[in-house]
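**Q** Let me give you the structure first, and then I'll get to my questions.
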Amino acid sequence: MRIITFGTFDVFHVGHVNILERAKLHGSHLIVGVSSDQLNMSKKQRYPVYAENDRTHIIRSLRCVDEVFLEESLELKAEYIKHYNADILIMGDDWEGKFDHLKDLCEVIYLPRTPSVSTTEIIEIVKTH
Ligand code: C2G
C-alpha cells in the first residue's frame, strides 16, 4: 500500500514524527507533501520559521519516509494522489472531514493528533525564555 500525507512540518517536533511513523504502519511506501513557503504565506499570512528546502531535507532524512515533494497548492490534493498512485491519504484529526471528497480516489484516514505539542506553542515558549 502506498500512503500519502501532507503538512508544513515547521519547527519539526514529536507530534510530526508520531504521525509519520503511524502513517507508515498503514502501508509500505510513505510519500510526504511538504507545504511550500508560498502556500504557508497564503494560508497563514506568514512564512514558516524553517524554509521549505530545510523542511523537506528534514522529512527526507526520516527512516519512515520514502518520498518527498513540495505541496504547492491545497487544491491539488487529487492530482498529487493520482500522480503518486496513493492508496491511502492520512492526515491528523485537526483535518477531520476536510478531505472526505477524496474518498472516490483513495481511502482517507484521520489519525489522532499528539496532545500538548504544536509549532505555535513552541514558538511562544522560545519567545518568553
Ligand atoms: N500533527 C499531529 N500532532 C501534533 C501536531 C501536528 O499529529 N501535535 C500532525 C497534523 O495533524 C498534520 C501533520 O502533523 O497531519 C503536519 O502538521 P502541520 O505541519 O501543522 O500541517 P499543516 O500546516 O496543517 O499542513 O495540505 C495540508 C497542509 O499541508 C497541512
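**Q** With the condition being small (Gly, Ala, Ser), I'd like the strands (runs of 3 or more DSSP E) fully within the stretch 2-100 carrying at least 1 qualifying residues.
**A** By residue number, 2-7, 29-35, 88-92.
**Q** So, Ala86, is that one modelled with pLDDT of 95 or more, more than 13 Å from the chain's Cα centre (by Cα), of a type in the set (A, V, I, L, M) and buried (at least 16 other Cβ atoms within 10 Å of the Cβ) or not?
**A** Answer is yes for this residue.
**Q** To continue, here is another question. Looking at the stretch 34-55, is at least one residue more than 14 Å from Glu72 (Cα to Cα), β-branched (Val, Ile, Thr), within 11 Å of the chain's Cα centre (by Cα) and more than 8 Å from the ligand (Cβ to nearest atom)?
**A** Within the stretch 34-55, not a single residue is more than 14 Å from Glu72 (Cα to Cα), β-branched (Val, Ile, Thr), within 11 Å of the chain's Cα centre (by Cα) and more than 8 Å from the ligand (Cβ to nearest atom).
**Q** For the stretch 74-122: of the residues being of a type in the set (Lys, Arg) and free of Cβ contacts under 8 Å to residues at least 60 places away in the same chain, which is nearest to Gly33 (Cα to Cα)?
**A** Lys82
**Q** Quick check on the stretch 12-33: of everything there that is within 18 Å of Leu70 (Cβ to Cβ) and among the β-branched types (Val, Ile, Thr), which residue is farthest from the chain's Cα centre (by Cα)?
**A** Restricting to residues being within 18 Å of Leu70 (Cβ to Cβ) and among the β-branched types (Val, Ile, Thr), the top hit is Ile31.
**Q** In the stretch 31-55, how many are surrounded by 19 or more Cβ atoms within 10 Å (Cβ to Cβ), out of contact with any helix residue (DSSP H, G or I) (no Cβ under 8 Å at 6 or more places or on another chain) and farther than 17 Å from Glu21 by Cβ?
**A** The total comes to 1.
**Q** Test Lys77 against the criterion of being loosely packed, with under 14 Cβ neighbours inside 10 Å and either within 12 Å of the ligand (Cβ to nearest atom) or among the hydrophobic types (A, V, I, L, M, F, W, C) (or both), and give yes or no.
**A** Criteria not met by Lys77.
**Q** Is it fair to say Ser116 is at pLDDT below 95, part of a loop (DSSP other than H, G, I, E, B) and either within 12 Å of the ligand (Cβ to nearest atom) or over 13 Å from the mean Cα position of the chain (by Cα) (or both)?
**A** Spelling it out, Ser116 is indeed at pLDDT below 95, part of a loop (DSSP other than H, G, I, E, B) and either within 12 Å of the ligand (Cβ to nearest atom) or over 13 Å from the mean Cα position of the chain (by Cα) (or both).
**Q** Continuing with the same structure: Across the stretch 56-73, what is the total count of residues that are loosely packed, with under 15 Cβ neighbours inside 10 Å and among the polar types (S, T, N, Q)?
**A** Summing the residues that are loosely packed, with under 15 Cβ neighbours inside 10 Å and among the polar types (S, T, N, Q) in the stretch 56-73 gives 2.
**Q** Can we say Ile59 is within 14 Å of the ligand (Cβ to nearest atom), within 16 Å of Asp10 (Cβ to Cβ), within 14 Å of the chain's Cα centre (by Cα) and at pLDDT 95 or above?
**A** Here the answer is yes, as Ile59 does meet what is asked.
**Q** Taking Ile109, is it at pLDDT 95 or above and either assigned to a loop (DSSP other than H, G, I, E, B) or surrounded by fewer than 18 Cβ atoms within 10 Å (Cβ to Cβ) (or both)?
**A** Yes; evaluated as a whole, the condition is true for this residue.
The values are calculated or read from the model by the stated rules, or taken from the named source; none is laboratory data. The shown structure was predicted, so the numbers you read here are calculated from the model rather than taken from an experiment. Neighbour counts are summed over all protein chains in view; Cβ atoms, including those assigned to glycine, are modelled from backbone coordinates with ideal geometry.
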